[in-house]
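A.B. asks: Before anything else, here's the structure in question.
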């Protein structure tokens, strides 16, 4: 599904250059659950932006299902994000005064899907994410942190993307709630979803089946854990 070849990312500020990624290469197969982990400043966030089609590498190639994403224009990258990647963020990014259903269906509104179809898709995604039906019509600001993250996971699922990309998804949650959310990702992976989890926490990364360790812009270890 994913193949990264010699990814280099250089940020320039006047005459100064900062090399953030230094020739990163790896593959991720369909149905894997991979954690990318490393300390602050390691380059994992930059790598996440490239994998999420939010940025292009300075040099190197990123292939997604055989397409070289690293050569796409901004508009083409937006299409990749819309159709093939589901994002889950630490801060949830929900509309506080919108219902759970509306928050999850929002990507389908932008895609021009008619109301009945998008509501059915939103309900299906919420059930996949383990959300209780009695919460579907609550406002998102009436939910607990764990429930809000499940809504965010459902929103990531609603377009049936090839990849779920989760950036520090338990960062705003207590330990117990975080474990529940991570169990949701594990269940989605058992259903065949490809999950890429970005985290600096070793106990969070341990929920994945494979861990890619990155430090100073390079992969220092790539291990199967389960």
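A.B. asks: Can you find even one residue in the stretch 93-104 that is free of Cβ contacts under 8 Å to residues at least 40 places away in the same chain and under 30 Å from residue 22 (Cα atoms)?
C.D. replies: Step one: of the stretch 93-104, the residues free of Cβ contacts under 8 Å to residues at least 40 places away in the same chain are 101-102.
If we keep only those that are under 30 Å from residue 22 (Cα atoms) too, we end up with none.
No, every residue in the stretch 93-104 fails to be free of Cβ contacts under 8 Å to residues at least 40 places away in the same chain and under 30 Å from residue 22 (Cα atoms).
A.B. asks: Now for a separate question. I'd like to verify a number: residues in the stretch 29-63 that are within 14 Å of the chain's Cα centre (by Cα) and part of a strand (DSSP E or B), how many?
C.D. replies: The number of residues fulfilling the criteria is 5.
A.B. asks: Sticking with this one: If residue 175 meets every condition in (1) closer than 24 Å to residue 39 by Cβ; (2) surrounded by fewer than 16 Cβ atoms within 10 Å (Cβ to Cβ); (3) in contact with a strand residue (DSSP E or B) (Cβ under 8 Å, 6 or more places away or on another chain) apart from one, which number is that one?
C.D. replies: Among (1) closer than 24 Å to residue 39 by Cβ; (2) surrounded by fewer than 16 Cβ atoms within 10 Å (Cβ to Cβ); (3) in contact with a strand residue (DSSP E or B) (Cβ under 8 Å, 6 or more places away or on another chain), residue 175 violates only (3).
A.B. asks: Please go through the stretch 102-123 and pick out each residue that is loosely packed, with under 15 Cβ neighbours inside 10 Å and either in a helix (DSSP H, G or I) or more than 20 Å from the chain's Cα centre (by Cα) (or both).
C.D. replies: Quick first cut of the stretch 102-123, residues loosely packed, with under 15 Cβ neighbours inside 10 Å only: 109-112, 114-117, 120.
109, 110, 112, 114, 115, 116, 117, 120, listed by residue number.
A.B. asks: How about the stretch 48-83: which of its residues are buried (at least 20 other Cβ atoms within 10 Å of the Cβ) and either out of contact with any strand residue (DSSP E or B) (no Cβ under 8 Å at 6 or more places or on another chain) or farther than 16 Å from residue 164 by Cβ (or both)?
C.D. replies: Scanning the stretch 48-83 gives 50, 57, 62, 69, 70.
A.B. asks: Something else: Please indicate, with yes or no, whether at least one residue in the stretch 65-72 is assigned to a helix (DSSP H, G or I), over 21 Å from residue 214 (Cα atoms) and at pLDDT below 90. Walk me through it before giving the result.
C.D. replies: Applying the first criterion (assigned to a helix (DSSP H, G or I)) to the stretch 65-72 yields 69-71.
Those still in the list that are over 21 Å from residue 214 (Cα atoms) too: 69, 71.
Next, from what is left, pick out any that are at pLDDT below 90: 71.
Among the residues of the stretch 65-72, at least one is assigned to a helix (DSSP H, G or I), over 21 Å from residue 214 (Cα atoms) and at pLDDT below 90, which makes the answer yes.
A.B. asks: For residue 158, indicate whether it is at pLDDT 95 or above, touching a helix residue (DSSP H, G or I) at 6+ places or on another chain (Cβ under 7 Å) and surrounded by 21 or more Cβ atoms within 10 Å (Cβ to Cβ).
C.D. replies: No; evaluated as a whole, the condition is false for this residue.
A.B. asks: Turning to a different aspect of this structure: Being touching a helix residue (DSSP H, G or I) at 6+ places or on another chain (Cβ under 7 Å), on the phi < 0 side of the Ramachandran plot and surrounded by fewer than 21 Cβ atoms within 10 Å (Cβ to Cβ) is the requirement here; does residue 145 meet it? Lay out the reasoning, then the answer.
C.D. replies: On the way: touching a helix residue (DSSP H, G or I) at 6+ places or on another chain (Cβ under 7 Å): yes; on the phi < 0 side of the Ramachandran plot: yes; surrounded by fewer than 21 Cβ atoms within 10 Å (Cβ to Cβ): yes.
Yes.
A.B. asks: Another question about this same structure. Give, as residue ranges, the strands (runs of 3 or more DSSP E) completely inside the stretch 132-226 that count at least 1 residues that are under 17 Å from the mean Cα position of the chain (by Cα).
C.D. replies: Answer list for the stretch 132-226: 163-167, 194-199, 210-215.
A.B. asks: Sticking with this structure for a sec: Which condition does residue 185 not pass, out of (1) free of Cβ contacts under 8 Å to residues at least 40 places away in the same chain; (2) buried (at least 19 other Cβ atoms within 10 Å of the Cβ), if it passes all the others?
C.D. replies: (1)
Here is a yes/no grid of residues against (1) surrounded by fewer than 17 Cβ atoms within 10 Å (Cβ to Cβ); (2) under 27 Å from residue 160 (Cα atoms):
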position: 6; (1), (2): yes, no
position: 16; (1), (2): yes, no
position: 26; (1), (2): no, yes
position: 31; (1), (2): yes, yes
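The values are calculated or read from the model by the stated rules, or taken from the named source; none is laboratory data. Keep in mind that this is a model prediction, so the values were computed, not measured. Here Cβ is always computed from backbone atoms with ideal geometry, including for glycine, and neighbour counts include all displayed protein chains.
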